[in-house]
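Values quoted throughout were computed directly from the atomic coordinates according to the rules given, and no laboratory measurement underlies them. Computed from a predicted model, the values in this text were never measured in an experiment. For neighbour counting, all protein chains shown are included, and Cβ atoms are generated from backbone atoms with ideal geometry for every residue, glycine included.
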Amino acid sequence: MTALTLGGALNAALRRALEDDPKVVLMGEDIGTLGGVFRVTDGLQRDFGADRVMDTPLAEAGIVGTAVGLAYRGYRPVVEIQFDGFVFPAFDQLVTQVARLYHRTGGAIRMPITVRIPYGGGIGAVEHHSESPEAYFAHTPGLRVVTCADPQDAHTLLRQAIACDDPVIFFEPKRRYWVKGEVDDVIDGSTAPMHAARVVVPGTDVTLVAYGPLVMTARDVALAAADDGISVEVIDLRSLSPIDLATVEASVRRSGRLVITHEAQQHGGLGAEIAASITERCFFHLEAPPVRVTGFDVPYPAAKLEEHFLPDLDRILDAVDRVLGREHSLTGWRG
Amino acid sequence: MLRSDLRPDLTPHTDPPTAEQATTTPGDVLPRPTAAGPDHETGPRPDPGPAPAMVQLLAQDGTRRPDPEHDPWVADLDDERLVALYEDMVVVRRLDIEATALQRQGQLGLWPPLLGQEAAQVGSARALRPDDFVFSSYRENAVAWCRGVSTTDLVRVWKGTAATGWDPRAVGMATPTIIIGAQTLHATGYAIGCAKDGVDSVAVAYFGDGATSEGDVHEAMVFAASYRAPVVFFCQNNQWAISEPVGLQSRRPLADRAPGYGIPSVRVDGNDVLAVTAVTRVALDRARTGGGPTFVEAVTYRRGPHTTSDDPTRYVDPAVHERWVALDPIARVERYLERRGRLTDELTGTVTARADTAAAEMRAGCHGLEPPPPLSVFDHVYTTPTSWLERQRSQYAAYLAMFDERTGDGPAGDGSEGGGTAGDDAADEGTAGGTR
């Protein structure tokens, strides 16, 4: 066990993947000498060479499209998209090629490509640097979508993603890059699979589903709720496609109440998918309608407004109150 | 500025020759532009300099044009090997005609004819080694034929019974890419991989004139140049992107784009199989020996529709069409072989018979393609199925089985004719009566 930041845990995972598999290559803008704008690839080009840690031209479609060709050739590319808002030039290659080639070729060609994307807000950034575009990718068959919330998962999930023979969109919660935690680098038969959700705080009254940057917030919600005598069970989804609905369903069957939170906009988001799926699966166990606490359906706002866009402890607590039918809703909503 | 000044200039960069030129003036069959640009200038613009010359080794009348630079690259192509190229071209034209007929007869949903582009495709594809790898668009069926794709596999996708026709690794050619230009990046990445592996295999990207406007193609050239990737960008300028003439894609000859990226380029008479072979070999050799990418503009003409769904009579000037018909790539080789005394009745008879046999095989293979079983819709989405997909698969299987139980029909999996299972539903009464 080593104490690492989340970014440091990702760096260690990349280093380990480069050591373990000579077919792993890293591609991205500024990932070489600079070590990436968040330093996630710090020192890797120095230690593994420019042939395996490749600074690329500034062209996201170009990076992902050439990664496809490398995968055809038997390589296992790990692509860094510098910021969430910069992934869209590569969207065509990801959706029309990366996601479909295994299917299109009847299983003949695999696309073991990992696309790392720092995502989410809360760092006071300019436009296109705080987006949460996960739903676009989760909507695309053929892609796996995962995100991490702590250093241990950052390390484990990234190594699992790189080892996976399917393409994986790997979302990194950029405002949590500097969170520290103990990291065990052993991956064996007892390690949870990449697609499994995890109960991070057990509870009985309300199921609170979160992922990525909001897992930490959700833990705080559980602590605060406990002060009020409410037992909140927090589930970290980890995998956004596929979603481990069985874990959520089992929790909701016990609690009867579901709150889902994500930074991404609400309409057509993952919260909608989870609410619908859980309602289909355990309608008669629900004591209240599922509630979503999300970013609003607006473009990500200017930095000085982002605290009003991002779900925070109080907004999520308010939702917990709603599903419990409590009267003192902060925003005046009624369940 | 007048509105008329803003109108795009749609003039092709290579005007087809007049009928007279085509038949009597070998050297000018495809005129070499000496001044850049279209004729219909409406305002001043800087002189961009002369357009690059076009490589041509066979004139339309079948005479061999000496070219000290390129002759050595085809010195090994004796009559016998030229006959083989001739046969390929005749066969792929016959297959193309057969596939078009199969579409008209309702056997194929769609077909993208290559009529007129036989020399460009055969000449380049036959220059490749088995360990080279092709990334193509959807019109390169002659390339696929040369790579060893079977006639049945050529029509599989177009009949709609599979998402791919063949195993890419088995033939060294990726599944055709329908998104325009996307495959040029794949070829570049593959080429970078070849270089990493220390092998001298080359990736070849086939794309059209329309694709040269796509960002992916430009990014591919940036990446290929930066990493000095062993890739050949083989652009068939067939003058049309559905209804849009090449003049809408570029104000300059397409080959002119590459040097700006640091990539050498060449314009070749795309209806001259010998010249196409020569320039492709030059490009491949450059790639194999560490010289990096090359851009080839093969100037040719799409004589058919974009696809069988297209109606080119709405946009093609019949006179222009006829001028290109006179530049037929197969007739050119025949005239050459005739001059060499090789175009015998026996040869044409043999070649025609082989083409007919291939076409008959394609037809039989096409008729034999069965719709895949319904539940295969869930196959090959992930390398290991997800719980979601397994759930959807089992639910749909149960749904289909429900009909089988009601009708006593066979298993749901055989499903080509759905009417039998749905025939008892009132909603289907009007159409499914025959199956009750």
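Listed values, structure above:
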item	result
Radius ratio Rg over Rh of the stretch B:254-372, counting only Cα atoms, Kirkwood formula for Rh	1.07
Rg/Rh ratio calculated on Cα atoms of the stretch B:168-237 (Kirkwood radius)	0.96
Calculated diffusion of the stretch A:2-183, Stokes-Einstein form, Kirkwood radius summed over Cα pairs, 25 °C and 0.890 mPa s, µm²/s	153
Rg and Dmax [Cα atoms of the protein assembly as shown; Å; Rg one decimal, Dmax integer]	30.2, 100
Cβ-placed point charges (K, R +1; D, E -1), dipole of the protein assembly as shown about Cα centre in debye, nearest 20	660
Span from the the stretch B:171-218 Cα centroid across to the the stretch A:137-170 one, whole angstrom	27
Kirkwood Rh, Cα atoms: Rg over Rh of the stretch B:19-367	0.94
Euclidean distance between Cα centres, the stretch B:233-309 to the stretch A:70-135, Å	30
Shielding by partners, peptide A:243-255 (average Cβ within 10 angstrom, other chains)	1
Tensor-based shape of the stretch A:1-59 (alpha-carbon gyration tensor, a/c under 1.5 rounded, otherwise prolate or oblate)	oblate
Paired Rg and Dmax values of the stretch B:309-349, which use every Cα atom, in angstrom	15.3, 42
Chain A shape via C-alpha gyration tensor axes, a/c threshold 1.5	prolate
Kirkwood-type radius of the stretch A:157-290, with distances r between different C-alpha atoms, in Å	15.8
Within 10 Å of each Cβ in B:164-170, the average number of Cβ atoms from other chains	4
Estimated D of the stretch B:213-272 in µm² per second, where Rh is the Kirkwood radius over Cα pairs and Stokes-Einstein applies at 4 °C, 1.567 mPa s	103
Burial ranking of peptide ranges B:110-120, A:52-62 (average Cβ count within 10 Å, highest at the top)	B:110-120, A:52-62
Segments A:154-166, B:184-196, B:320-332, A:181-193 sorted - mean Cβ within 10 Å per residue, highest first	B:184-196, A:154-166, B:320-332, A:181-193
Peptide B:171-182 - average C-beta neighbours from other chains (10 Å radius)	3
Neighbour cut-off at most 14 other Cβ (10 Å), DSSP loop, chymotrypsin sites (Phe, Trp or Tyr not before Pro), the stretch A:217-311	A:Phe296
